[in-house]
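The values are calculated or read from the model by the stated rules, or taken from the named source; none is laboratory data. Not measured: the values here are computed from a predicted model. Positions of Cβ are generated from backbone atoms using ideal geometry, with glycine treated the same way; all protein chains shown enter the neighbour counts. Accessible surface is based on the protein model in full, side chains and every heavy atom, while ligands, DNA and RNA are left aside. Shrake-Rupley method; radii C 1.70, N 1.55, O 1.52, S 1.80 Å.
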Amino acid sequence: MNINIILARLPRRVHAMTKLNEDDTYTILLDANLSREQAIKELLHELSHIKGNDFSSETQATLLEGMVRQSNFISDGFEDINFYYHVV
Ligand SMILES: [Zn+2]
(Lines give C-alpha, C1' and ligand atoms only; values in the text may rest on other atoms or scores of the structure.)
Protein backbone atom coordinates (compact mmCIF):
# COMPACT_ATOMS: atom_id res chain seq x y z
CA MET A 1 0.00 0.00 0.00
CA ASN A 2 1.31 3.44 -0.86
CA ILE A 3 0.36 6.56 1.03
CA ASN A 4 1.28 10.10 0.08
CA ILE A 5 1.46 12.50 2.98
CA ILE A 6 1.17 16.12 1.98
CA LEU A 7 1.70 19.01 4.35
CA ALA A 8 -0.33 21.93 3.11
CA ARG A 9 -2.42 24.85 4.23
CA LEU A 10 -5.90 23.47 4.74
CA PRO A 11 -9.16 25.35 5.23
CA ARG A 12 -9.77 26.65 8.75
CA ARG A 13 -10.64 23.95 11.27
CA VAL A 14 -9.67 21.16 8.89
CA HIS A 15 -6.68 19.35 10.36
CA ALA A 16 -6.44 16.40 8.01
CA MET A 17 -8.13 14.87 5.00
CA THR A 18 -7.73 11.52 3.31
CA LYS A 19 -8.46 10.77 -0.30
CA LEU A 20 -8.52 7.41 -2.03
CA ASN A 21 -6.88 7.85 -5.43
CA GLU A 22 -7.89 6.13 -8.64
CA ASP A 23 -4.77 3.96 -8.54
CA ASP A 24 -5.70 2.68 -5.04
CA THR A 25 -3.05 4.77 -3.34
CA TYR A 26 -4.08 7.20 -0.64
CA THR A 27 -3.28 10.83 -0.17
CA ILE A 28 -3.37 12.22 3.35
CA LEU A 29 -3.38 15.99 3.56
CA LEU A 30 -2.13 17.35 6.88
CA ASP A 31 -2.41 20.96 7.94
CA ALA A 32 1.08 22.43 7.82
CA ASN A 33 0.31 24.58 10.86
CA LEU A 34 -0.17 21.64 13.22
CA SER A 35 2.37 20.94 15.91
CA ARG A 36 4.36 17.75 15.49
CA GLU A 37 2.26 16.01 18.17
CA GLN A 38 -1.01 17.11 16.58
CA ALA A 39 0.21 16.08 13.14
CA ILE A 40 1.06 12.58 14.37
CA LYS A 41 -2.31 12.30 16.12
CA GLU A 42 -4.17 13.36 12.99
CA LEU A 43 -2.06 11.07 10.83
CA LEU A 44 -2.78 8.06 13.05
CA HIS A 45 -6.44 8.93 12.99
CA GLU A 46 -6.51 9.04 9.19
CA LEU A 47 -4.50 5.80 9.01
CA SER A 48 -7.04 4.09 11.25
CA HIS A 49 -9.70 5.04 8.70
CA ILE A 50 -7.59 3.54 5.92
CA LYS A 51 -6.88 0.39 7.93
CA GLY A 52 -10.58 0.11 8.74
CA ASN A 53 -11.40 0.30 5.04
CA ASP A 54 -13.73 3.15 5.84
CA PHE A 55 -13.50 4.53 2.33
CA SER A 56 -15.26 1.54 0.85
CA SER A 57 -17.66 1.19 3.75
CA GLU A 58 -21.22 2.42 3.56
CA THR A 59 -21.46 3.00 7.28
CA GLN A 60 -22.47 6.55 8.08
CA ALA A 61 -19.52 8.88 8.39
CA THR A 62 -20.51 10.14 11.83
CA LEU A 63 -20.81 6.59 13.15
CA LEU A 64 -17.39 5.75 11.70
CA GLU A 65 -15.89 8.80 13.37
CA GLY A 66 -17.14 7.61 16.74
CA MET A 67 -15.84 4.09 16.17
CA VAL A 68 -12.41 5.30 15.11
CA ARG A 69 -12.14 7.66 18.05
CA GLN A 70 -13.17 4.99 20.53
CA SER A 71 -11.03 2.19 19.20
CA ASN A 72 -7.73 1.69 20.94
CA PHE A 73 -5.67 2.36 17.92
CA ILE A 74 -2.26 0.71 17.97
CA SER A 75 0.30 2.30 15.74
CA ASP A 76 1.90 -0.89 14.52
CA GLY A 77 0.71 -2.95 11.63
CA PHE A 78 1.97 -0.45 9.08
CA GLU A 79 4.87 -2.54 7.79
CA ASP A 80 3.03 -2.96 4.51
CA ILE A 81 2.64 0.76 3.92
CA ASN A 82 5.12 2.95 2.06
CA PHE A 83 4.91 6.56 3.12
CA TYR A 84 5.84 9.39 0.81
CA TYR A 85 6.14 12.85 2.31
CA HIS A 86 5.53 16.04 0.40
CA VAL A 87 5.54 19.62 1.55
CA VAL A 88 3.70 22.14 -0.59
ZN1 LIG B 1 -11.97 10.68 11.15
Considering residues that are charged (D, E, K, R) and modelled with pLDDT of 90 or more, the number found within the range 25-40 is 1
Answer yes if at least one residue in the range 35-47 is under 18 Å from Tyr85 (Cα atoms), outside any helix (DSSP H, G or I) and either open to solvent by less than 50 Å² (accessible area, probe 1.4 Å) or more than 13 Å from the ligand (Cβ to nearest atom) (or both), and no otherwise.
yes
Take the residues of the range 48-69 that are open to solvent by less than 30 Å² (accessible area, probe 1.4 Å) and β-branched (Val, Ile, Thr): which is modelled with the lowest pLDDT?
Val68
Mind listing whichever residues of the range 1-30 are open to solvent by less than 90 Å² (accessible area, probe 1.4 Å) and over 17 Å from Phe83 (Cα atoms)?
Leu10, Pro11, Val14, His15
